[in-house]
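Report on the structure given below.
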């Protein structure tokens, strides 16, 4: 059953940071930032919107490369961490708390990015579409947009209803998944068992789209997908690709 899980700090909270930050290594972030930098091919000083910026790992790296970055995220804890990291690094990034369906900008950015499967969070497809339409609104003419998500085809081909992982500190996570065929949504429940006996259940859901569905959605919003990659190494997208990373440009569309 779907719930507005992204509003619940039991998922996007301290446990999330403890579990995921070790996986989001400096090497991985640099590799992803190199890809973003190369694919966008923007001049120094260009404005970039980091949508669902999380704790700011890409925002900070892009700012260090001379871009003017604005990060938007709904989770106050993540933004607190992002601001602290920006201060430590001595870089200036504007971080704004807000819903990705209501981006408070119009014709202001040379590019926007949405990285690490931060799309498809909402109950209805029209709510997801609002996000793309808001990105289009925030971009300047010919502005570029990178959306990175998992590859639906590979996930379904190798669907794992249950797995577990034990961390060095003794924390155990048990992940249980179901797939809602009508909505094309994965529902996940991650049970976090700490060495001290405390337990937290992290529930989340997200909709997976086919590439064709993304093409039509983007065009409807006013964006044209020009390239699709299978990973941050710029490999060609196919059914077995780990990621589906789309590069689009503003200025087209069906409306």
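No lab work stands behind these numbers, since they all come straight from the coordinates. What you see is a predicted model; the values in this text were computed from it and never measured. Ideal geometry is used to build each Cβ from the backbone, glycine not excepted, and the neighbour counts take in all protein chains shown.
For the chain, the Cα gyration tensor yields ellipsoid semi-axes of 28, 23, 17 Å (square root of five times each eigenvalue, largest first, whole Å).
Residues in segment 12-55 near a label at residue 68, defined as backbone nitrogen under 16 Å from the 7 Å Cα→Cβ point? Residues passing the 16 Å test: 42-50. Give the shape of segment 84-196 as rounded, prolate or oblate, defined through the alpha-carbon gyration tensor: a ≥ b ≥ c are the square roots of its eigenvalues, a/c under 1.5 means rounded, and otherwise the shape is prolate if a/b is larger than b/c and oblate if not. Oblate, since a/c reaches 1.5 and b/c is not below a/b. With both residues required to sit in the chain, DSSP beta bridges show an antiparallel share near 70%.
Estimated from the Cβ-Cβ distance and a Förster radius of 51 angstrom, the FRET efficiency linking residue 216 and residue 196 is about 0.55. Going by a ≥ b ≥ c, the root eigenvalues of the Cα gyration tensor, does segment 1-121 fall in the rounded group (a/c under 1.5), the prolate group (a/b larger than b/c) or the oblate group? Prolate, since a/c reaches 1.5 and a/b exceeds b/c.
Pull out a ≥ b ≥ c, the square roots of the eigenvalues of the alpha-carbon gyration tensor of segment 158-205, then state rounded if a/c is under 1.5, prolate if not and a/b is larger than b/c, and oblate in the remaining case.
Judged from the Cα gyration tensor, segment 158-205 comes out prolate (a/c at least 1.5, a/b above b/c).
Each peptide in 23-29, 54-60, 8-14 was scored by the mean count of other Cβ atoms within 10 Å over its residues; highest first, the order is 54-60, 8-14, 23-29. Distance between the C-alpha centres of segment 6-59 and segment 77-122: 9 Å, rounded to the whole angstrom.
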